[in-house]
Amino acid sequence: MIHKNMDSARQGASCPSQQSAADQQRARIQDALSKIRHKIFVLSGKGGVGKSSISANLASALAKKGYRTGLMDVDVHGPSIAHMMGVTDLLDVSPDQQRLLPKQVNENLLVVSVQSLIPEKDQAIIWRGPAKTSMIQQFIGSVEWGDLDFLIIDAPPGTGDEPITIVQNISEALGIIVTTPQEVSLADVRKSISFCNTVKLKPLGIVENMAGFRCPHCNEPIELFASGGGQKTANAQGLDFLGSIPFDLNVVASGDAGTPLMLGDRQTDFTRAFSEIVDKILKQLK
Ligand SMILES: Nc1ncnc2c1ncn2[C@@H]1O[C@H](COP(=O)(O)OP(=O)(O)OP(=O)(O)O)[C@@H](O)[C@H]1O
Ligand SMILES: [Mg+2]
């Protein structure tokens, strides 16, 4: 049974599944994952550092390059991907009622967000761990992803139910750790790295976001959150540094408008830095 909305998902979670149902769920997840070449999990130790913006833009950039890409938002308490991608409708169900249909943003880009389960836009989801786990497993196994080159996964910060469910169900996922350059964020990055080591999630590397801002009046660079911390932490932890992304007011506007910058053709400080990171990721995966 698939959960098209919150109530049924909650009921499903509170009803202990029988062994055969659990086996079927596992088989569905394995089948879905076998058709997806690369699974990339965007994570951070600290909130608000830009995970969702990076997930949305990474998925957009890969789709624009011709890769079939899925974007999965499992941030139950603060889903922002639907808004950032301009997805407003609820998810549809396949004619046989067995699968959820992802939202199609363009010919290469599919999106599934927790937000697309909630009829009331501003309604909070109040779930405990088992309901979240059940929903995430359905997002992997009961969504009609089809054949994908990439699945990008956006989760809440930290090491709670959602990140754990992702790594438990997608053991081959690769992590991208997002931080801002200042020490208070980097302390949390070290926790993310410890999380990766503990749960055996292989990190592709660290991305430093909001690193520098060009003043729109005098064009002088301003270091909003200090600089160089991402590179230093990557070096110290023996991880790849994937690159720095500047603070760019266009990111805020494009996120609010529902069209990530990397989906369009506009060149900004953000898109130039972001393109280099995408190329680095693709090179690593070759
Ligand atoms: N490089 C950037 N330049 C300007 N604004 C940015 C940049 N990256 C992210 N933002 C803005 O910062 C805010 C937080 O970003 P985002 O929602 O992507 O962070 P998050 O890590 O997913 O947050 P949460 O932990 O709450 O899920 C958003 O308003 C977003 O538009
Ligand atoms: Mg987010």
So N235, is it within 26 Å of V167 (Cβ to Cβ) and more than 17 Å from the chain's Cα centre (by Cα): yes
Residue satisfying condition, being surrounded by fewer than 20 Cβ atoms within 10 Å (Cβ to Cβ), away from ligand 2 (no atom under 16 Å from the Cβ) and in a strand (DSSP E or B), within set G243, G205: G205
Residues (in contact with a strand residue (DSSP E or B) (Cβ under 6 Å, 6 or more places away or on another chain), within 11 Å of ligand 2 (Cβ to nearest atom) and of a type outside the set (A, V, I, L, M, F, W, C)) located in the stretch 51-74: K51, S52, S55, D73
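Just to be sure before I move on: is A56 crowded, with 24+ Cβ neighbours inside 10 Å, away from ligand 1 (no atom under 16 Å from the Cβ) and within 16 Å of the chain's Cα centre (by Cα) in the structure I sent?
When the stated conditions are applied, A56 does not pass them.
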Test result for G175, farther than 18 Å from V76 by Cα, surrounded by fewer than 17 Cβ atoms within 10 Å (Cβ to Cβ), modelled with pLDDT of 95 or more and not aromatic (F, W, Y): no
All positions within the stretch 35-48 that are out of contact with any helix residue (DSSP H, G or I) (no Cβ under 6 Å at 6 or more places or on another chain) and either surrounded by fewer than 19 Cβ atoms within 10 Å (Cβ to Cβ) or assigned to a loop (DSSP other than H, G, I, E, B) (or both): K35, R37, G47, G48
Search result, residues across the stretch 117-148 that are modelled with pLDDT of 85 or more, of a type in the set (G, A, S) and either loosely packed, with under 15 Cβ neighbours inside 10 Å or under 15 Å from the mean Cα position of the chain (by Cα) (or both): G146
Candidate set from the stretch 246-272 (those that are surrounded by 17 or more Cβ atoms within 10 Å (Cβ to Cβ), closer than 21 Å to L71 by Cα and hydrophobic (A, V, I, L, M, F, W, C)); member that is farthest from the chain's Cα centre (by Cα): F270
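The values are calculated or read from the model by the stated rules, or taken from the named source; none is laboratory data. For clarity, every value in this text was computed on a predicted model and none was experimentally measured. Positions of Cβ are generated from backbone atoms using ideal geometry, with glycine treated the same way; all protein chains shown enter the neighbour counts.
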